[in-house]
Each structure stands twice: as structure tokens, then as C-alpha cells.
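None of the figures in this text is laboratory data; all of them are computed from the coordinates on show. All values reported here derive from a predicted model rather than from experimental measurement. For neighbour counting, all protein chains shown are included, and Cβ atoms are generated from backbone atoms with ideal geometry for every residue, glycine included.
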Amino acid sequence: MLQINRLVRARDYEGILSYAKEFHEHVCPYLILGIRASMIAMEELGVGRLDYGGSVDESILAIVENNSCFADGVQVTTGCTFGNNSLIYVDLGKIALTLVRRSDWQGVRVYIDGEKLEKYYTPETTELFDRVVKRREGTDEEVERLWQLWEETAKKMLYLPRREFKVERVKVEPIEHAPIFESVRCAKCGELVMATKVIYMEGKPFCLKCAGERYYAVTGSGIVEMRKDED
Ligand SMILES: [Zn+2]
Ligand SMILES: [Zn+2]
């Protein structure tokens, strides 16, 4: 069994965090909130970490409403990732996770209100955060100090009481497993493209880029339309 599975099963928060730190490259409050929210949701729903090879009964799906550090905490803890098609990103800009059981589409949504967390930050952290992150004015020393404070603050949230979260039962509309589509070669760039992403012009297949069609990307701002002429 994977070490991370064992850590999640044992509710070993410190262990999960060290795994998450390697994946995410730093420790920050929202990474930890992603871990904590995942643990709450799994417990409430009575499911374990995603067993990719398991039966549908054990299969879960995670829906996140933002693409911040929180999403990495969720991916590590639940095992639902972008790559295994068990992570769905809904561009709502809220710090929330919905964990869903694929067998009956019952879910649990866990939301955290950022304002409720302010009491966990020291004034020095808040001040430094504003200067270094929001205004991008910090010196190297200040940046380093912020990371140190940030990690300390974050760790306080590892065992955040459940009452700090809004936890609700939800019923989710069934979402298909990732279908496997054939690939088609674009008549202009010669690259292979998933058949559903191809546009036919005068009988020839083109990728969205070569066809000059709209396509979308997930960026720090959420889901955005890419400029047609961008390369
Ligand atoms: Zn982070
Ligand atoms: Zn092309």
C-alpha cells in the first residue's frame, strides 16, 4: 500500500503534511486547509482515499471551487487528481471542497470562511503578508521571515476544529468518467488531437488553435479564454 494511503487511514496529519509539503513545495495555510477539509469530508462521507483500481463503490470524486494551494492539499489527501480525472474544478472562487461517492452521487461539501481564520494570524504575519505578497515590496529577509511565520501559522490549522468549517450533505448530478476518444491529426500543425476537440473545415480536421477557434485555460485567474492569435 502506498505510504500516503497508510497515513490518511491512520489520520496521521503530520505525515500527510510532510507528503503534501514535498508535492506543493511549501507549507501554507490553504494547503493545510485542503488537507483538513478533505479529512472532514472523507470522515463524514465514510470513504477512504481514492482507490483507483478499486470498484465503483469505493470510487470518489473531488470538486474544488478554486485553484489555489487548497487544491493541492485536496489532491494529496483524497488521491483525486487532475491527472486521474477525479478532480473537478468549478470556477467559483470559493474555498470549498465537495467530496462525492460515485456509487450513489452522495456528497459532502466543506466550506471554509477566510475571515474566520484571521484570529490565527499574528499581526506581524498580516502586515508582512500585505507588504510581501499583496504589494510585492518585501526585502529578501522579509520574504524569508514571512515563509517562516506562514509555516507556523499554517501548522496551527492542521487540527482546526470542525466547527470552523461549514459542512453540508449534498446530492451531486452524475458526472461521466473520462471517456476515451480517438485522436485525429490536425491538417495544419500535424499534431494529434482528441477527436472531440477537432473542427472540420472543408472536410479537413483542424485543432482549435489552428482553426482560430476559442479555447480555454486554467490560470491563476480561473478559467479564461485564450487569445486566438496567441502562441
Ligand atoms: Zn501554498
Ligand atoms: Zn493544429
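For the reader, a short list of remarks on this structure follows.
- Near Glu142: Cβ cut-off under 14 Å, other residues only, Lys/Arg at +1 and Asp/Glu at -1. The net charge is -2.
- By the Stokes-Einstein formula, at 0.890 mPa s and 25 °C, segment 183-225 with its Kirkwood radius over alpha-carbon pairs has D equal to 224 µm²/s.
- Local net charge near Gly222, Cβ-Cβ under 15 Å (Lys/Arg +1, Asp/Glu -1): -2
- Compared with the dominant principal axis of the Cα atoms in the chain, helix 69-78 is inclined by about 80°.
- Sites Ile175 and Arg9 - FRET efficiency at Förster radius 22 Å, r taken between beta-carbons, to 0.05: 0.25
- Note on segment 34-159: with charges restricted to the Cβ of Lys and Arg (+1) and Asp and Glu (-1), its dipole about the Cα centre is near 260 debye.
- Over the chain, dividing the summed -39,500 (n - 2.57) contributions of all DSSP H runs of at least 4 residues by the number of residues returns a 222 nm mean residue ellipticity of -9500 deg cm²/dmol.
- Close amide H contacts of Lys188 (hydrogens built in the peptide plane, cut-off under 5 Å, sequence separation of 5 or more or a different chain): Cys207.
- Relative contact order [Cα under 8 Å, 6+ residues apart], the chain, whole percent: 17 percent
- Sum of side-chain charges, Lys156 neighbourhood, beta-carbon under 15 Å (Lys, Arg +1; Asp, Glu -1): -2
- Values of log10 I(q)/I(0) for the chain across q = 0.10, 0.16 Å⁻¹ run -0.58, -1.12, by the Debye formula with one identical scatterer at each alpha carbon and no solvent.
- Lysine pairs in the chain whose alpha-carbon atoms fall under 17 angstrom of each other, counting only those eight or more residues apart or on distinct chains, come to 16.
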